[in-house]
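Values quoted throughout were computed directly from the atomic coordinates according to the rules given, and no laboratory measurement underlies them. Here the structure is a predicted model, which is why all the values come from computation and not from measurement. FYI the Cβ positions are ideal-geometry reconstructions off the backbone, even for glycines, and counts take in every protein chain you see.
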Amino acid sequence: MSPENQTQPTEPAKDSADADSDSSTSDSVNLVVDANRCIGAGQCEMLAPDHFRVDDDSALAEFIGQDSLPATEAELLIDRCPSGALSITPQR
């Protein structure tokens, strides 16, 4: 087979929705736990164990590990928190 007849592998084309999701996952945000609202349900710890843990003594969620999360992950955690104790803090 001659070289001009060989097909070169190509990457699949990304549509505009893929491009939007790539840009949102690269945006990082910081979360904060409102200790007055936290009920220790543990949804944050279950969904993001590298970032949260529920303290055995206080039964309150604590932010651990990295100080920022991808925006899409942060939004999921906020949506799943039954007490509404999680919120995004402004970037400094």
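Under the rule a/c < 1.5 gives rounded, and otherwise a/b versus b/c splits prolate from oblate, where does the range 28-86 land using the Cα gyration tensor?
Working: a/c = 1.76, a/b = 1.40, b/c = 1.26.
The shape class here is prolate.
Non-local amide H neighbours of Asp27 (under 5 Å, H modeled in plane, Pro and chain starts lacking H): which ones?
Long-range HN contacts for Asp27: Ala71.
Quick one: Karplus J couplings for the range 34-48, per residue in order, coefficients 6.51, -1.76, 1.60, θ = phi - 60°, nearest Hz, x for Gly and Pro?
Those phi angles translate into 7, 4, 6, 9, 5, 10, x, 5, x, 4, 5, 5, 5, 7, 9 Hz.
Measuring from label point to label point, each 7 Å out along Cα→Cβ, what is the Ala71 to Ala35 span in nm?
So the two model labels end up 3.1 nm from each other.
Summing +1 for each Lys or Arg and -1 for each Asp or Glu, what net charge is found among the other residues whose Cβ lies under 14 Å from the Cβ of Asp55?
-3
Using θ = phi - 60° and the Karplus curve 6.51 cos²θ - 1.76 cosθ + 1.60, what whole-Hz ³J(HN,Hα) does each residue of the range 53-60 get, with Gly and Pro shown as x?
Calculated HN-Hα couplings, in order: 8, 9, 5, 5, 7, 8, 6, 10 Hz.
Amide H neighbours of Gly40 under 5 Å, counting only residues 5+ apart in sequence or on other chains, H built in-plane at 1.01 Å?
Residues meeting the amide H criterion: Ala61.
Show me, for the range 64-73, the HN-Hα J-couplings you get by feeding each phi into the Karplus relation (A = 6.51, B = -1.76, C = 1.60, θ = phi - 60°), rounded to Hz, glycine and proline as x.
For the range 64-73, the Karplus curve yields 10, x, 4, 8, 9, 10, x, 4, 5, 5 Hz.
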